[in-house]
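Presented below is the structure to which this report refers.
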């Protein structure tokens, strides 16, 4: 056998990087061909999962720490403290490992367990906080991060939400790469908006080169960028409940809201049809790009930034049980959806009380709707699952008001019990029966959101049609 031919002349020197940080950036573009069937425009993905830390966040992580060192804000032996959904933490952890810093990262409880484990694998400390609290709540991950900075000697918080080296990194790396890789033919850029650093930095560069380039944000439904209040959603890493200083809305031509359901199902579709393993926020971006693409023609070139891979989402987006539990998938032949459909007529929207409502109002709602359990939740419909705080039960309220009639004027959050268990609308009737053996009612989730309350009576009627009829 003959030796294979060399691809060309050998370089004069070995091509070996001296630091992992030297490999950040210069990620490739990939044309999407299967999920874009029917579109006449070209849609290509910027594969940021091929950065050393597996995400787009490697870029600002290096830039922010470089600047902190130059300005004397971070000194040898110091500690990096940052609230993060995971990817920024990984980028910072790599820099810390290379340069000898300690890391403490603050995350919300909606982050997948593998993300927490990944950060700990780099030697970082991780503090987990609840997601369903206001930004100024002492338990929010922003507040906890600030407290840790104050308590930790030599601590430095990069603060990716305000640090202008965040968008700078994309203006000086991601943007130029896109212009060069597309030979200046890019017409639309689509990216999820979290801190806003990526879309702002890329927009600055692209609009300076071609003012006609359209910049499109992909945003979880409910986030402030697409007109929401920042109420909880399940997609992580993008969307916000406040306006970061690193986001310049004047540079963004359009924002497309994408539901959790569309985000997750698109991520799974891209993975299975293109062989490109992407995460939930990547699903948001691609879903928005497909919405946009249906409006465009063959002269347009859409670049969608895929921020990371699906490896950090195996226990959620790519777990059929987790997806079914939130009502994103159908799990069996006979499902909870059939029980609800069998009720006949229009199924009423979720009946619930707010924490500040009185017990008297809860009792009146139970009477008016003929129900024996009410969820207690904050916010308006459609609710997020994280906004359900507890439940009240007619038997408990009867006992309470019998012993103390003045309890009717108490606020519900003073007397509520634990939250009702949840079940996905596509999960099996068998599972519903098993769960109702342990509790009187269930909150049914559809598309990740509370839909209706399912009682034992509902299931019994479904399982025994015609009983009692004459």
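Set the Förster distance to 56 Å, then compute FRET efficiency between residue 128 and residue 464 from the Cβ-Cβ distance, nearest 0.05. That pair, residue 128 with residue 464, gives E of 0.80.
Its relative contact order, with pairs defined as Cα atoms under 8 Å and 6+ residues apart, puts segment 323-463 at 36 percent. Computed extension length for residue 212-residue 150: 17.8 nm, one decimal, from 0.36 nm per residue of separation with the Cα-Cα distance subtracted.
With the simple model of a label 7 Å out from the Cα in the direction of the Cβ, residue 172 to residue 364 spans 6.3 nm.
Listed peptides 417-429, 235-247, 289-301, 401-413 appear in the order 235-247, 417-429, 289-301, 401-413 once ranked by packing, highest mean of other Cβ atoms within 10 Å at the front. Exposure proxy ranking for 134, 114, 437, based on other Cβ atoms within 10 angstrom of each Cβ and starting from the fewest, stands as 437, 134, 114. Shown for 326, 313: other C-beta atoms within 10 Å of each C-beta, ranked fewest to most, produce the order 326, 313. With contacts taken as Cα pairs under 8 Å and at least 6 residues apart, the chain reaches a relative contact order of 13 percent. Helix 58-70 and the longest principal axis of the C-alpha atoms of the chain enclose an angle of approximately 70°. The C-alpha atoms of the chain define a longest principal axis, and helix 87-99 lies at about 40 degrees to it.
Applying 0.36 nm per residue to the separation of residue 29 and residue 245 and subtracting their alpha-carbon distance, the gain on full extension is 74.9 nm. Subtracting the Cα-Cα distance of residue 99 and residue 294 from their residue separation scaled by 0.36 nm leaves 65.5 nm. Taking every DSSP beta bridge that has both ends in segment 1-152, the antiparallel portion is near 25%. Which stretch or stretches of segment 399-416 have amide N atoms under 19 Å from the point lying 7 Å from residue 456's Cα along the Cα→Cβ direction? Of the residues in segment 399-416, 399 have backbone N under 19 Å from the label point off residue 456. Given R0 = 30 Å, the distance between the Cβ atoms of residue 10 and residue 50 translates into a calculated FRET efficiency of 0.75. Projecting label points 7 angstrom from Cα along Cα→Cβ for residue 371 and residue 409 puts them 2.7 nm apart.
The C-alpha atoms of the chain define a longest principal axis, and helix 141-151 lies at about 60 degrees to it.
Between residue 380 and residue 438, the FRET efficiency from the beta-carbon distance, with R0 = 35 Å, is close to 0.70.
Let me make sure I get this right: for segment 323-463, a, b and c are the square roots of the gyration tensor eigenvalues over alpha carbons, sorted descending. Under 1.5 in a/c it's rounded, otherwise prolate if a/b > b/c, else oblate. Which is it? Because a/c hits 1.5 or more and a/b exceeds b/c, segment 323-463 counts as prolate.
Bear in mind that the values in this text are calculations on the coordinates, not laboratory data. Just so it is clear, the structure is predicted and the values come from calculations on it, not from any experiment. Cβ atoms come from the backbone with ideal geometry, glycine included; neighbour counts cover every protein chain shown.
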